[in-house]
1. Starting from the Cα of Asn403, move 7 Å in the Cα-to-Cβ direction to define the label point; list residues of the range 215-255 whose amide nitrogen is under 18 Å from there.
2. Show log10 I(q)/I(0) for the range 465-508 at q = 0.19, 0.20 Å⁻¹, two decimals, from a solvent-free Debye sum over equal Cα scatterers.
3. Where both partners of a DSSP beta bridge lie in the chain, what percent of those bridges are antiparallel, to the nearest 5?
4. Identify, among Ser450, Tyr112, Gly376, the residue whose Cα sits farthest towards the positive end of the charge dipole of the chain, taking +1 on the Cβ of Lys and Arg and -1 on the Cβ of Asp and Glu, with the dipole about the Cα centre.
5. Mind jotting down the three principal axis lengths of the range 428-560 based on Cα atoms? Whole angstrom, largest first.
6. In vacuo Debye scattering of the range 350-430, one point per C-alpha: log10 I(q)/I(0) at q = 0.14, 0.19, 0.25 Å⁻¹?
7. On full extension of the chain, what length is gained from Met448 through Lys127, given 0.36 nm per residue of separation minus the C-alpha to C-alpha distance?
8. Assuming 0.36 nm per residue, please report the length gained on full extension of the stretch Ala139 to Trp534 beyond their Cα-Cα distance.
Amino acid sequence: MNITDYTLSLQGVLGNAGHLVLENYLKETSFSRLVEIFHTRKEMDNGWRCEFWGKVLRGAILLNCYIRDNEMEKIIDETISDMLSAQREDGSISSYPAEKQLQGWNLWGIKYVLIGLLRYAQTGKRKEEIAKACTSLLAYVEALMEKDGKFFPDYGLHTGLPTSSMLGAIVGVWDLTGDPRWKKLAEKLILSGCSTSNNIFEEVEKGTLPSLIGNGKAYELTSCFQGLAEYILTAEKRGEEYMKDRDYKMICFKYFRLVCDNELMLTGASGLKDPVGEFWFEGRYKQHLSDAGSLGETCIMTTLLHYADRLISLAGNECFSAADVSEKILYNSLLGGMTPDGRNFTHANPTPLTGGGWKKPAGDQMQICFKTPFDGHDCCRAQGPEGLAMAYPLALRVLEKNNKVYGCVINLYEKMNAEFAGTSLEVTGDYPYGNIVTLKLKSSEKFMVSLRIPCYTEEVRLNGEKLSFIKGDYLRINRQWEEKDAVEIFFDLSLKEVSAPGDPSYTAVKRGALILAEDSRKNEVPGAKIGEEWNGHFLVEYSAAGNTFCKENTLQVFFK
C-alpha cells in the first residue's frame, strides 16, 4: 500500500511539530533560490549547496502526503517543474560548472536531486517524466565515470562514503524504471565495498566497530547501509534475485546492532568526535565527556530513522529494536533539537550533557564555511522536516498479503487517526506524557493489530480484561472488531535512574520514553509538560529543556 492510499493523522507532540515545520519553515523556503544554482552552475568552491533542494523537498513531500496542505502541494509541484527545466541536453542536473563535474560534493548533490525527484514520483505524479529525467541523469554520471576510469568510491571526500551513498538513489531509479541496467550498477557499487579504506560490508561481517569502518563518517556510512537494505527490499518486491555472495540481510541488521551497542546515546542522538558531531567515535561510552567533540548531529538521527524504517520492512514489519530506537530519537533528540516555532534545528545536540551545554540553532552553513550566505541553510536544518515526517510511517505499518490489507502494526502511541481499506483506527491519550492510551478500531472483517510493548508497559486490557504480553516484543490481537471494543495500554511512568555506560558514577533519569533534564531556569520552563523532583533537582522532558536556544539557557542530563 502506497502512502497516498491511506490517511494517517498524528495529533500529539510529533504531529504538532510537523505542522509547525510545514507552516513556518517549508512554506517559507525559497525553493526557486535552491534551484537557481542548478540553472547558473556557479558553485565553484566545492560546496554542498547542491544538497539542500533534495533534502528540504523530500521532507516537504513526505510530510505533506499526511498533512495534505494545498498550498504546500502547489509549491512542491512548481519546484519539481523548475528543477526538471534545469536538466541539460546531456542529461546533467548540476550546480557545478562543466570543468568541475564529479569533483568535491558534486555527486553528493546529484544524489539529492535524484532523491527529491524519486520522492515526488512516489506520490504517483509525473512518474514517466521523472523516470526519464532520472535515467538521463544517472546515465550522464555513469558515462563521466567511465571516461575517467573511476567509480563512485574514487570520488569525493571521507574515503568515498558520500559518493558511494548514491546506492540508494540508484536502487530508487531501478525500482521506478524496472531497467536492469540500474540493478547491475547498484550491485557493482555494493561489490566495490563503498570505501577506498576498506569494504564496509565485509567489516560489519567481521564485527568491526563502526568508528573503524571507512573513516567513520556516521551519516554517509549509514546511508550506504540504507542503500543496501533498499536494494534487498526492491529485489524482493520485484520478485528478482539479489546477490548472495554474502548474507547481506544479516549484515544490515548487524550494522544496526553495532551502532546501538557502541554509538547510540541516551537521548537517541549519535555522532561526535569533531566540533559538529559527525563521526562514529564510540559515543555510547563517551556521551558523558566534555572533550569528545559535539554530540549528535541531526543528519545522522534522521538517517537512523530511515534505516530503522528499512529494517522494520526487512523484518516483515515487526522489529522491536528498530522501533524502540526510533521512539527514542523522535521524542528526545529530534524534538529536542527543534526550535519551538519549527523554523530551525540544532546541528549538534547540547554539549556536554553533564552541565553547561545549550541548544544552538543551526547557522548559515555556507556563510560559516565559505563566507557566502545562502538563505540560512544548514545540512541538519534541512534534515529536520524529513526526520519528523518519518514519524508517520514508523508509527503505523499497514499489513498486506496478496494485495489485501489484513492488519496493522502500531509502534508509536501518539494520538492518531487512520483510515485504510475499509478500516478506521483511533488512538487517544496524551502519550508520551500520560500513562494511558486507548485504541479503538472499526473493520468489516477480521483484523489483526500488532502492538509494540515497551519495557515500561504495565498492563494491556481488551474490554477491561487483562491480556498477557512479553515486554520488548509485540502483542498481536486478531479478531472481528466491534464498535464497543477498546484496548487500553497502561504505562509505568515512574522515574528510572540510568548509569552512563562509560562511567557509572554519572546518572541520568528516564520517565517512560522520555529522558529528563534540568533546565537552568529550574522550575520555570515554558512549554514543559513534565516537572519532577529528583535528588534536589527539578527535571523536565529533554525536548523542552533549553528551549530558548540561547547560550544562557543551559541544561544537564547526567548528574554525579
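Every number in this text was worked out from the coordinates using simple rules, so none of it is lab data. Model, not experiment: these values are computed from the prediction. With ideal geometry, Cβ positions are generated from the backbone for all residues, glycine too; neighbour counts draw on all protein chains shown.
1. 237-240
2. Result of the Debye calculation: -0.80, -0.84.
3. In the chain, approximately 95 percent of DSSP beta bridges are antiparallel ones.
4. Farthest along the dipole direction, towards plus: Ser450.
5. 57, 32, 20
6. -0.73, -0.90, -1.17
7. Net length gain for the segment: 112.2 nm.
8. 136.2 nm
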